[in-house]
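Below is one structure, written out as structure tokens; the observations come after it.
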Amino acid sequence: MKSFEYHEPNSLAAAVQLLAELGTSAKVLAGGTDLIIQMEQRLYTPQHIVNAMRIPELKGIRTTTDSIVIGAATSLREIETSNLLREKVPVLCESVSTIGSIQIRNLATLGGNLCNAAPSADTAPPLLVLDAQARIIGTQGERVLPLASFFKGPRQTALLPDELLTAIEIPDPPKGFQALYYKQSPRYAMDIAIVGVAVGVTRNNGTCEDVRISLGAVAPTPLRVPEAEAVLNGQAPIAERIQQAAQISRERSKPITDVRGSADYRRAMVETLVRRGLNALLLN
Amino acid sequence: MKTYPIELTVNGQKHSLEVEPRERLLDVVRDRLNITGPKEGCGTGDCGACTMLVDGKPVTSCLVLAVAANGSSITTVEGIGNAARLHPIQKAFVEHGGIQCGICTPGFIVMSKAFLDENPHPTEEEIRFGLAGNLCRCTGYDKIVESVMAVAQDETS
């Protein structure tokens, strides 16, 4: 790969200052499982690399009184094996297990998966269904964005050149909330989602609340489908409404045709997987 | 090209080196330190032939910059066993036919050891998913899985 200068800040403040100086000539390195490949293939040829992995503030999983905070530099393997996360937000652990291999997950980070912003990022639909927020720091200070506003397009995020994603904050899910993630891909492992579907719901005495549906790999960014959610929210979960929600989800998806699958197939799978997920959560 | 001083402890031995930032851990271990167990099979983290333990964790070293691994303790297959003293995992691979051409074997040995250390009593399915990051072109995987299963079962008895 092309030569570059290497920087290893050991504090957030130092990192932000570096990024402010270097701007778009720098790329942030986390696990490297996307970036190193991109640099080898010369998709990116940054003059500077800022390693984010020696900044203690970016690591670790902790709770507040009403949320869970995951540092952006936390490895996917740590997330996958976290008892705390398995207990509170199992859908995130399940989705992370579908990414790469153990070797990859030991390197890859949550922040990296989100900031790489592939439309198929497997952490995105579950986090969107969990109403996650992105905590960001830059020279202007800290800001918090709903994750839904973080993705701007394929490989594009809302981060300014001097900004770093510091953490993902997940509000404690409502009591009784359950969620699933389906990753449709040709291989059982080491593959990219053709379609990713996350659904979440709280069942309450014959109606469903907190209905959340998120799609990955079928649009320029991962997305929620509020029009589909509205069909079921506060309603009894009958089969016709589930089918309607699945149908609307299909209509809201804008997949492309590529080597992994056709747009038609992806649209069909959106409907199937949304219906399957809602059935699994609601009709048993 | 500007170089950076790093220290790597590989299989228990400390090395001080000057490396360019773009040198991968795989390259430094193989080409600078002459430890050639780990192999380059793909360069994209897909095949697992370059698997090493970095601070105890199995990673695909083709995706790690050597500078980023500064200060780490690294284990390659050479640190797990050798012809004079085979590790039980290596012995099992030999006995159960888990090796043909051998090019994937160092990666599989390192990954199997790391996997069994964390999962001493896996099911066959768990082994297959645990080793999903290692590819083999020769064996069709069954005998590799048998080899790992044999070690796992040995540990339970």
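Against the condition over 21 Å from the mean Cα position of the chain (by Cα) and more than 14 Å from chain B (Cβ to nearest Cβ), how does A:Ala193 come out, does it pass? Give the steps one after another, and end with the answer.
Values: over 21 Å from the mean Cα position of the chain (by Cα): no; more than 14 Å from chain B (Cβ to nearest Cβ): yes.
For A:Ala193, the condition - over 21 Å from the mean Cα position of the chain (by Cα) and more than 14 Å from chain B (Cβ to nearest Cβ) - is not met.
Hey, among the residues in region B:116-144 that are more than 12 Å from A:Ala189 (Cβ to Cβ) and touching a residue at least 40 places away in the same chain (Cβ under 8 Å), which one's least open to solvent (accessible area, probe 1.4 Å)? Give the steps one after another, and end with the answer.
To start, the set of residues in region B:116-144 that are more than 12 Å from A:Ala189 (Cβ to Cβ) comprises B:116-124, B:126-127, B:136-144.
From what is left, the residues that are touching a residue at least 40 places away in the same chain (Cβ under 8 Å) are B:139, B:143-144.
Values: B:Thr139: 26, B:Lys143: 92, B:Ile144: 1 Å².
Looking at residues that are more than 12 Å from A:Ala189 (Cβ to Cβ) and touching a residue at least 40 places away in the same chain (Cβ under 8 Å), I get B:Ile144.
Return yes or no: is B:Thr60 in contact (Cβ under 8 Å) with a residue 40 or more places away in the chain, open to solvent by less than 30 Å² (accessible area, probe 1.4 Å), among the polar types (S, T, N, Q) and within 9 Å of chain A (Cβ to nearest Cβ)?
Yes, satisfied.
Take the residues of region B:63-80 that are surrounded by fewer than 24 Cβ atoms within 10 Å (Cβ to Cβ) and away from every other protein chain (no Cβ under 11 Å): which is nearest to the chain's Cα centre (by Cα)?
Once the filter is applied, the top-ranked residue is B:Thr75.
Name the single residue that is nearest to the other protein chains (Cβ to nearest Cβ) among those in region B:12-27 being touching a strand residue (DSSP E or B) at 6+ places or on another chain (Cβ under 6 Å) and of a type outside the set (A, V, I, L, M, F, W, C).
This residue is B:Pro21.
Which condition number in (1) more than 15 Å from the chain's Cα centre (by Cα); (2) open to solvent by less than 20 Å² (accessible area, probe 1.4 Å) is the one that B:Val94 fails?
Going through the list (1) more than 15 Å from the chain's Cα centre (by Cα); (2) open to solvent by less than 20 Å² (accessible area, probe 1.4 Å), B:Val94 breaks only (2).
Assigned to a strand (DSSP E or B), of a type outside the set (D, E, K, R) and either within 14 Å of another protein chain (Cβ to nearest Cβ) or surrounded by fewer than 24 Cβ atoms within 10 Å (Cβ to Cβ) (or both), is that true of A:Ile99? Outline the logic, then answer.
On the way: assigned to a strand (DSSP E or B): no; of a type outside the set (D, E, K, R): yes; either within 14 Å of another protein chain (Cβ to nearest Cβ) or surrounded by fewer than 24 Cβ atoms within 10 Å (Cβ to Cβ) (or both): yes.
It is false that A:Ile99 is assigned to a strand (DSSP E or B), of a type outside the set (D, E, K, R) and either within 14 Å of another protein chain (Cβ to nearest Cβ) or surrounded by fewer than 24 Cβ atoms within 10 Å (Cβ to Cβ) (or both).
Residues are listed down the side, and each one gets a yes or a no for (1) open to solvent by less than 40 Å² (accessible area, probe 1.4 Å); (2) of a type in the set (D, E, K, R); (3) not in a strand (DSSP E or B):
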{"residue": "A:Gln178", "(1), (2), (3)": "no, no, no"}
{"residue": "A:Pro186", "(1), (2), (3)": "no, no, yes"}
{"residue": "A:Gly196", "(1), (2), (3)": "yes, no, no"}
{"residue": "A:Val201", "(1), (2), (3)": "yes, no, no"}
{"residue": "A:Val211", "(1), (2), (3)": "yes, no, no"}
{"residue": "A:Leu215", "(1), (2), (3)": "yes, no, no"}
{"residue": "A:Val218", "(1), (2), (3)": "yes, no, yes"}
{"residue": "A:Glu227", "(1), (2), (3)": "no, yes, yes"}
{"residue": "A:Ala230", "(1), (2), (3)": "no, no, yes"}
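Taking region A:114-144 only, how many residues are closer than 26 Å to B:Ala69 by Cβ and without any contact (Cβ under 8 Å) to a residue 60 or more places away in the chain?
Total satisfying the criteria: 2.
Which of the residues spanning region B:110-157 are within 16 Å of the chain's Cα centre (by Cα) and assigned to a loop (DSSP other than H, G, I, E, B)?
The answer is B:Leu131, B:Ala132, B:Gly133, B:Asn134, B:Leu135, B:Cys136.
The values are calculated or read from the model by the stated rules, or taken from the named source; none is laboratory data. All values derive from a computational prediction rather than experimental measurement. Please note: Cβ atoms are built from the backbone with ideal geometry, for glycine as well, and neighbour counts cover all protein chains shown. These accessible areas exclude ligands, DNA and RNA; they are computed on the full protein's heavy atoms, side chains included. Shrake-Rupley method; radii C 1.70, N 1.55, O 1.52, S 1.80 Å.
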